[in-house]
Amino acid sequence: MSLAVEAAELMEIFLWMENDASHDEVFRKRQAVEEELADVIFSAFCLANSCDIDVADAFERKIASTSAKYPVDKVRGKYHKYTEYKDS
């Protein structure tokens with residue numbers, strides 16, 4: 001639950017902003033963004049620790065899985081779900 005709360009606090013900084021404005025806001029509120037992002041990461045590491053998950057291993061597996069689902073030569077510049085690329 002703390003992870004969701006911290007993520008919501010990070011998102012609140014950008015609430016109701018267009019994409020370009022949110023990029024500009026990072027520079028105006030950099031310290032707040034850094035602090036909330038650190039809280040999110042800390043909460044995620046606490047969850048991983050309590051579940052006995054090796055974050056580095058999990059990350060490597062996720063990158064490999066995502067790379068297989070979204071081959072660069074097929075998806076570059078596109079935004080469809082991976083099921084759209086299976087047979088193309």
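Each reported figure results from applying straightforward, stated rules to the coordinates on display, with no laboratory input. No experiment lies behind these values; they were computed from the predicted model shown. FYI the Cβ positions are ideal-geometry reconstructions off the backbone, even for glycines, and counts take in every protein chain you see.
What to note about this one:
- The distance between label points at Glu12 and Asp52 comes to 3.6 nm (points 7 Å beyond Cα on the Cα→Cβ vector).
- Note on the stretch 18-87: Lys pairs 8 or more places apart or on different chains, Cα atoms under 17 Å apart, count 6.
- Every helix of 4 or more DSSP H residues in the chain counts as -39500 (n - 2.57), and over all residues that averages to -21500 deg cm²/dmol at 222 nm.
- Across the stretch 2-88, the relative contact order, built from alpha-carbon pairs under 8 Å that are at least six residues apart, equals 26 percent.
- Using a Gaussian network model of the chain in which every pair of alpha carbons under 10 angstrom is joined by a spring, one finds that among Val55, Val72, Val40 the greatest mean-square fluctuation is at Val72.
- Most mobile of Lys78, Lys69, Lys29 in a GNM of the chain (Cα contacts under 10 Å): Lys78
- Dipole axis of the chain (+1 Lys, Arg; -1 Asp, Glu on Cβ), positive-most option in Tyr79, Cys51, His23: Tyr79
- Anisotropy class of the stretch 1-53 from Cα gyration tensor, a/c 1.5 cut: prolate
- Geometric extent, Cα atoms of the stretch 41-88 - Rg, Dmax (angstrom): 14.7, 41
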